[in-house]
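Structure first, then comments.
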Amino acid sequence: MKRYLFITLMLMVAVSSTFAQATSQGTTTPAQTPTGQGAEKVEGPASAPATVTNIFGNFINLNLQTAGQDTNSSKFEEYRAVPEGFAGPELRVFGETTASTFLVSAENLMEDDRRLYIWADSDLIEADVLYDVIPHKLGNEAKSIETIVSNQAQGISDVIQANFQSQLEARFANPATRSQINYAYLRGLVEPLINTTEVFDLGFTRQRASVKLGFMPGSPITTTLTLFQENRDGNRSSGTAFGFGNVVETAEPIEYRTRDVRLSLEAPLMGNNLLLRGSIGVNQFQNAVTSYTFDNPFRVTHSTDASAYQAPASASVNGAAFGRMALPPDNRQISGGVGAIYKLPRNSRLTADVSFGRLTQNDELLPYTTNLAILEANPVLGLPPAQQFDGRINSIGVNVQFTSRPMANLNLTARYRMYDVENESRRYDTPGFIAFDATFQQGDRTSVPYGWSSNRAEVLASYDFNFLTLEGGVRRDIMERTFRETGETTENIVHVAADVRPFSWMVWRNSFEFGDRDYDEYDQVRGESASFHEDEQVNIPGLRRFDQAKRDTQRIVSMLTVTPFGGNFAVSANYVRYFDDYGDSSEFGLVEWKNQAITVDADYTPSERWNAFAFYANEDWRGFQRGRQSGATFSVNPLDNWSADLNDKANTFGAGANFSIVPEKASLNFTGRVQTVSGYGDFESPPGGAPDVAVDIPNIDDTKLLTFTGELTYRLAQAWELGLGAWIERYKIKDDLNTGTQQYLPASFFLAPNDLGYKGSTAYVRTTYRW
Amino acid sequence: MTKFLPWSLAIAFLFCVGAAMAQTPDPQSAKSGPGFDVAECQSCHAETLFTNFQHTPHAKKIAGSCAECHGDVAAHAKMKMEGEEGIGPVFSFKRVTPQQRNEKCLSCHEKGRQANWHGGAHDRRKVDCTSCHSVHFFKSQRAQLRTVRESETCYTCHAQVRAQGMRQSHHPIREGKMECGSCHDPHSSTTRGMLKAESVNDLCYSCHADKRGPFFWEHAPVRENCQHCHTPHGSNHERLLVAKQPWLCQRCHMVTRHPGTLYHGLNATSGPTASNRAIEHGCRNCHNAVHGTNHPGSPYLGR
């Protein structure tokens, strides 16, 4: 790992030093003010690019800014840094020497979201170097009852655990008080623990560096070597439970390293009529933390019984003293491919590509359980089924495509694609299932390496009339899956498109797709129950999993663009409708899924002095599903049926303008956007059944995001520019399932971080020097 | 058989490369247009040429630069100097069909990603190179796009994706840390959705290699397609999910006891009967390892 990092850094240093040398000889270019039609800036005051964005002008700028928000929500800085005081700098240097051309671009070099991009080319080599830091803040002020001892262990004081255990065992021992082990009692018990918890932020940072080298760029043979490394460090929330009655959310450590090396070549042959290409690469993922342990707040010693997975409750107060969570294992992928494009007469091309991949994972397997009481009773669980996993997946892809334009107005396309994922991971027999390290449920199982393959064939033809292009085609998708309910699903899709251009300033594109998917048979026992040694019903009869269910699909896209008045004014209106209907076969499960959107964009540029733009989007997302509630056995009572109609409606509006107040001297630009999402959970259930009367959730997914940015720029002298800007953001969220979460709720300890609404704002003065 | 396939392909590839290197460069690739270069055309077309264009390979590395793309500029200049109307025999990108524009660009650029242009959705729908790129008036740092940021170019037509990007759960596109081109190749004709990988999962693994496995206990739809559960352009559900938990999981899991139970308004955080199967992360409060696990005792992905 260090070797890759070292090589990367050395390359960056070498390229940078070349730039530094060349800068002194570089040419200067006059600055320009782009019209900025419809251009939106990268969000965030620290990320605010210069108003004058002539990328080939050399400049450096620095912000002096003030920033703040009314709460400490992580959402404000989810993927960005919003510093106070001096922020930036942003730097761009473009230059050339007699032998090379280069560009150095840097953003927020002093910040937690810094980015450095270097490009250079010469007759010998073209280099593309990127260093990028991407923060991902997931929640501030998380409150865990577990103290983080190391990256592999989190814990609670033994004294506290022993105290809670003894109190619970005493209460459980007395039949009169056993039934009082409920939320009210437990809340009172854990209240002192909650009040003494540590507070920390959830999130991680990606540090990425990539170097792409193209050798002999002027040569007909293209040779490219790409090196990549990413370090991910931090944490995220993890659902770590000791039973249905004892969820303990913890912070999962993240210490990932991903490295990738790839070589690709491309060569023209036969007078450029044949293009050969190929690549091969290795991608390695390493996780420094294989697993981590966490304490059960209610037990200091291990114990078990058949109901311990419900503890602490009136049924049991047993369970493990601590649990262990497996984290993503190290793995490696080798992949590559070869291909060719052959030019045929009549504007025809035959393309063929073959790709392969091999994915391997051989990490050590964890023990079956941490619970010594289970191990004492079941010595067979003392060792994992193997020391290491021995997992591997091979994939092969084949693409063959023929395109032709035998006449000026006729286009033909035919393609075939096969992709096969063969999971050759070793299968292991296990003696049963350990529920939350609390209860061993005996029953032989075998691990199931899922695989699949797809075959797709498509034929398309289009013909251009003078103002009308008509296109038609058919596609057939066949999916085969191993260890799934269906052996094969087949989808036939008809595609029709019509593009109309009645005037030079008007384009109306329309496309329609209608699909019909069917399966050979749907056998629930063949599904995930493949892991059971005896047939087991794993789903209610009548449920069809939506990835394999019979389905009718509609895809409608209509897009109208008009640019009258010589192109100064452009309006575009789109209509999109995606509809999947599973109703023919799915009594339960997903029945309908719909997405419908209408968007309108407008841009007006009457002169080089100013332009304005606006956009609006209305979206409707809906998923309708049905279920039936069961107890210990599958219900056959229709009164136990229920349905959930989950709907999100989103309205987005944005507008902005750019003004050149005094050409080459002063400019003003601003952008505002607002999005409102209103969700609704509409539940139905007939009275008298097990769910009885369902209650809707009116506040689900409700958010409102408002942003406004504005900047006034003034050129003080040829080399100096001053910018005065502000940035305001308002975010609201109301979700009855996710907002208002307290640290301890029935049967659950939550981290309850602040990732909620906020009011954030920034004002800054930017100084820019150009040379 | 499959064990030897990668090596066979690698050897075949090396053989082909060797054959390619033995070829003599095509003399046609060094063709040049008649007369006139950038400086001469600039006398009339200063606005077109005295821009970022002058620093690009188009201006610096192509002999007879203007003529290379615009044809007989000498005849055009002679015509104009003699006061004739029209543009003469020059190739004007504004006056030809999208396919003619594309053919002109592809005469040099039909390699790399662009080699797959023919037959793709953009090609078939008459989107042409100049719809997104501008040789003379580009604004982007890379690829000479018409807009400062790549995603703005795509939003010109794919407007709904811009709205999805404003959702509370989103990839860092609006923050400038990703672009549409991070996942899509607009020149491609061989993969669905113009993805830059052989499959959806292979693409997602390039940033989320921790989800790659293979695992001791797997989750079948996860192995097949990340998009069964995630929607990459933006969502108001946590972690870019297509629907909220537990109902997302209940689309496939309708077993006895809790998987088939209806969770509804009474189970909200504010109610007296809040359920840890509905609030916060729903099913994932217990079944955290939904992408797979190496824990042999956890077929239900709880550890």
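General remarks:
- Any hit, region A:192-206, residues being within 30 Å of B:Q114 (Cβ to Cβ) and not charged (D, E, K, R): no
- Test set (1) under 34 Å from the mean Cα position of the chain (by Cα); (2) in a strand (DSSP E or B) - A:Q442 fails condition number: (1)
- Residue within region A:392-404 that is among the charged types (D, E, K, R), in contact with a Ser or Thr (Cβ under 7 Å, 6 or more places away or on another chain) and touching a residue at least 24 places away in the same chain (Cβ under 8 Å) present: yes
- Residue in region A:252-261 that is among the β-branched types (V, I, T), facing chain B (nearest Cβ under 7 Å), under 30 Å from the mean Cα position of the chain (by Cα) and assigned to a strand (DSSP E or B) present: yes
- Candidates are the residues of region B:120-166 that are open to solvent by less than 30 Å² (accessible area, probe 1.4 Å) and of a type in the set (G, A, S); the one that is nearest to A:D464 (Cα to Cα) is B:G120.
- A:P329 falls short on exactly one of the conditions (1) open to solvent by 20 Å² or more (accessible area, probe 1.4 Å); (2) within 11 Å of another protein chain (Cβ to nearest Cβ); (3) at negative phi, and that condition is (1).
- Checking each residue in region A:181-198 for being open to solvent by 70 Å² or more (accessible area, probe 1.4 Å) and touching a residue at least 60 places away in the same chain (Cβ under 8 Å) picks out only A:Y183.
- Among residues that are out of contact with any Pro (no Cβ under 8 Å at 6 or more places or on another chain), closer than 30 Å to A:V765 by Cα and of a type in the set (D, E, K, R), A:D128 is not included.
- If the condition is being among the β-branched types (V, I, T) and either within 8 Å of another protein chain (Cβ to nearest Cβ) or under 14 Å from B:V290 (Cβ atoms) (or both), then region B:192-225 contributes only B:V222.
- Scanning region A:301-333 for residues that are closer than 15 Å to A:L168 by Cα and not in a loop (DSSP other than H, G, I, E, B) turns up A:A308, A:Q310, A:A313, A:S316.
- Subset of region A:128-162 [farther than 23 Å from A:E191 by Cβ, surrounded by 21 or more Cβ atoms within 10 Å (Cβ to Cβ) and touching a helix residue (DSSP H, G or I) at 6+ places or on another chain (Cβ under 9 Å)]: A:V129, A:P135, A:K137, A:L138, A:N140
- Sub-6 Å Cβ pairs linking a first residue in region B:88-104 that is open to solvent by less than 40 Å² (accessible area, probe 1.4 Å) to a second residue that is of a type in the set (D, E, K, R), at least 6 apart or interchain, are B:P98/B:K126; B:P98/B:D128; B:R101/B:D128; B:N102/B:D128, ordered by first then second residue.
- When region A:496-533 is filtered for residues that are free of Cβ contacts under 8 Å to residues at least 24 places away in the same chain and either among the basic types (K, R) or open to solvent by 80 Å² or more (accessible area, probe 1.4 Å) (or both), the ones remaining, listed by number, are A:F503, A:S504.
- Per-region count, region A:613-644, residues more than 7 Å from chain B (Cβ to nearest Cβ), open to solvent by 30 Å² or more (accessible area, probe 1.4 Å) and either touching a residue at least 12 places away in the same chain (Cβ under 8 Å) or under 28 Å from the mean Cα position of the chain (by Cα) (or both): 11
- Residue ID - surrounded by the fewest Cβ atoms within 10 Å (Cβ to Cβ), chosen from residues in region A:408-466 that are of a type in the set (G, A, S), under 30 Å from A:A306 (Cβ atoms) and at the interface with another protein chain (Cβ under 9 Å from one of its Cβ atoms): A:G432
- Strands (runs of 3 or more DSSP E) contained in region A:699-771 and holding at least 3 residues modelled with pLDDT under 95 and open to solvent by 10 Å² or more (accessible area, probe 1.4 Å): none
- Evaluation of A:D547 against the conditions (1) touching a Pro at 6+ places or on another chain (Cβ under 6 Å); (2) more than 27 Å from A:G589 (Cα to Cα) shows that the sole unmet condition is (2).
- Consider region A:199-251 and keep the residues that are among the hydrophobic types (A, V, I, L, M, F, W, C) and part of a loop (DSSP other than H, G, I, E, B). The one that is surrounded by the most Cβ atoms within 10 Å (Cβ to Cβ) is A:F242.
- Of all residues in region B:58-84, those that are surrounded by fewer than 18 Cβ atoms within 10 Å (Cβ to Cβ) and without any contact (Cβ under 8 Å) to a residue 24 or more places away in the chain total 9.
- Scanning region B:245-256 for residues that are under 21 Å from A:L745 (Cα atoms) and either open to solvent by 20 Å² or more (accessible area, probe 1.4 Å) or more than 8 Å from every other protein chain (Cβ to nearest Cβ) (or both) returns B:Q245, B:P246.
- Extreme residue, surrounded by the fewest Cβ atoms within 10 Å (Cβ to Cβ), among residues of region A:666-698 that are under 24 Å from the mean Cα position of the chain (by Cα) and polar (S, T, N, Q): A:T676
The values are calculated or read from the model by the stated rules, or taken from the named source; none is laboratory data. Computed from a prediction, not measured in an experiment: that's the story for all the values here. Reconstructed Cβ throughout: ideal geometry from the backbone, glycine too, with neighbour counts over all protein chains shown. The accessibility values were calculated without ligands, DNA or RNA, using every heavy atom of the protein model including side chains. Shrake-Rupley method; radii C 1.70, N 1.55, O 1.52, S 1.80 Å.
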